[in-house]
1. What do you reckon, is Glu276 crowded, with 17+ Cβ neighbours inside 10 Å, more than 28 Å from Ser130 (Cβ to Cβ) and not assigned by TED's automatic domain parsing to the domain that holds Leu135?
2. Does region 224-237 include one or more residues that are hydrophobic (A, V, I, L, M, F, W, C), touching a residue at least 40 places away in the same chain (Cβ under 8 Å), over 26 Å from Ile134 (Cβ atoms) and assigned to a loop (DSSP other than H, G, I, E, B)?
3. Mind checking which residues of region 188-223 are closer than 22 Å to Leu135 by Cα and among the polar types (S, T, N, Q)?
4. Looking at Thr279, is it under 26 Å from Gly112 (Cα atoms), in a loop (DSSP other than H, G, I, E, B) and touching a residue at least 24 places away in the same chain (Cβ under 8 Å)?
5. With the checklist (1) within 17 Å of the chain's Cα centre (by Cα); (2) crowded, with 17+ Cβ neighbours inside 10 Å in hand, flag the one item Leu231 doesn't pass.
6. May I ask you to list the residues in region 182-208 that are of a type outside the set (Gly, Ala, Ser), out of contact with any Pro (no Cβ under 8 Å at 6 or more places or on another chain) and in a helix (DSSP H, G or I)?
7. Before we move on, is Met297 in contact with a Phe, Trp or Tyr (Cβ under 9 Å, 6 or more places away or on another chain) and either outside any loop (DSSP other than H, G, I, E, B) or outside the structural domain of Val88 (by TED's automatic domain parsing) (or both)?
8. For region 125-144, enumerate the residues that are closer than 13 Å to Leu66 by Cα and exposed (fewer than 14 other Cβ atoms within 10 Å of the Cβ).
Amino acid sequence: MKDTYKGRNIRPFRFIVQLLALGFVFSQMVGIPPFGTHPLLRRIFLPNASCRYISEAPTSCYYYQLQDGLTQGYANAYIDVILMLLIVILLIIALGRLWCSWLCPFGLAQEGMTKLREMTGLPPLKVKWSGRVILRRVKSSLLFFTILFSLPIGIGSLGIAGCQSTLALPFCQVCPAKGFFTVFQQLLGIEPWSTTLPWLAIGSLSLFLIATFFVDMAFCRICPMGSVMALMGRFSLPWLRKDPSKCTKCRICLRVCPLDHDRVYEDMEADDVGSEDCTLCGKCVELCPEEGCLTMMYGPISLKSSRRPRDMGLSRMIKKIKEGGNDK
């Protein structure tokens, strides 16, 4: 009998949305007209959903524009940066961390690496609580140093404008997306093989491929764009609700979370159990066996709630997850 969750099978729907988002950012490569010619439309930089190094992409992630604006915007009082951030803040409020797990092409790439590892039969490396704390600090530090390096370059009186060519776009120099999407486009014949990458980009890409193969969503754990979204998390409309009275502490939510988010399991008081680690992928909602215990919300509107399995096949799968050990 086919496993089903009474319509709560979120993963296939999310995969379709991810593919549509990927098609959007790759749209101009296949001849779709430009995203927009009006200057206002060109300012709509998507949170965590595109990359500057995707050839002819209709838009790019706001983090590239933030760095670029900080290094050049002192003369016009950073008006371009402010306008861009206002638009990005509105988009983050509208969709929150859904940008990460549902729309980011780099997130889809990481999930592909996870599937590749699963095909080999290797278990993932689990990040302990102390390690997650360190990675959160790394994520915040990347945000801090990005601004620290970018901002002074644009202030001419400091006399370091000559560093524009070497220090501009500091995060993009170490972001593995630069190398990943460049090589990906070379394989597709979109970029010529003569396109060269600096050794730093090659090194970060190699480290990313190794890390994300063994650790689920490794880059998401240190992504500074996720750190900015986490700051806006309390104001975002999407959120994860828990009914503690229905929780049986089965640990399934903890075991299936790709980012080892433990608050869903541990918090037995709050309604909102999201945090800076939660990207609202919906896996915990989909696999929670308790009726209405977990719910994906959009403001006051319930989108999807957990349901009891209605067939023996799924019951066996849940039992297998429960018996998977207490490794977290």
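The values are calculated or read from the model by the stated rules, or taken from the named source; none is laboratory data. From a predicted model like this one, the values you see are computed outputs, not experimental measurements. Using ideal geometry, Cβ is built from the backbone for each residue, glycine included, and neighbour counts are taken over all protein chains shown.
1. Values: crowded, with 17+ Cβ neighbours inside 10 Å: yes; more than 28 Å from Ser130 (Cβ to Cβ): no; not assigned by TED's automatic domain parsing to the domain that holds Leu135: yes.
It is false that Glu276 is crowded, with 17+ Cβ neighbours inside 10 Å, more than 28 Å from Ser130 (Cβ to Cβ) and not assigned by TED's automatic domain parsing to the domain that holds Leu135.
2. yes
3. Passing the criteria: Ser204, Ser206, Thr212.
4. Details: under 26 Å from Gly112 (Cα atoms): yes; in a loop (DSSP other than H, G, I, E, B): yes; touching a residue at least 24 places away in the same chain (Cβ under 8 Å): yes.
The answer is yes for Thr279.
5. If we test Leu231 against (1) within 17 Å of the chain's Cα centre (by Cα); (2) crowded, with 17+ Cβ neighbours inside 10 Å, just (2) comes out false.
6. Step one: filter region 182-208 for residues of a type outside the set (Gly, Ala, Ser), giving 182-188, 190-193, 195-200, 202, 205, 207-208.
Adding the requirement that they be out of contact with any Pro (no Cβ under 8 Å at 6 or more places or on another chain) leaves 182-185, 187-188, 190-193, 195-200, 202.
The answer is Thr182, Val183, Phe184, Gln185, Leu187, Trp199, Leu200, Ile202.
7. Details: in contact with a Phe, Trp or Tyr (Cβ under 9 Å, 6 or more places away or on another chain): yes; either outside any loop (DSSP other than H, G, I, E, B) or outside the structural domain of Val88 (by TED's automatic domain parsing) (or both): yes.
Here the answer is yes, as Met297 does meet what is asked.
8. Of region 125-144, the ones closer than 13 Å to Leu66 by Cα are 143-144.
The one that is closer than 13 Å to Leu66 by Cα and exposed (fewer than 14 other Cβ atoms within 10 Å of the Cβ): Phe144.
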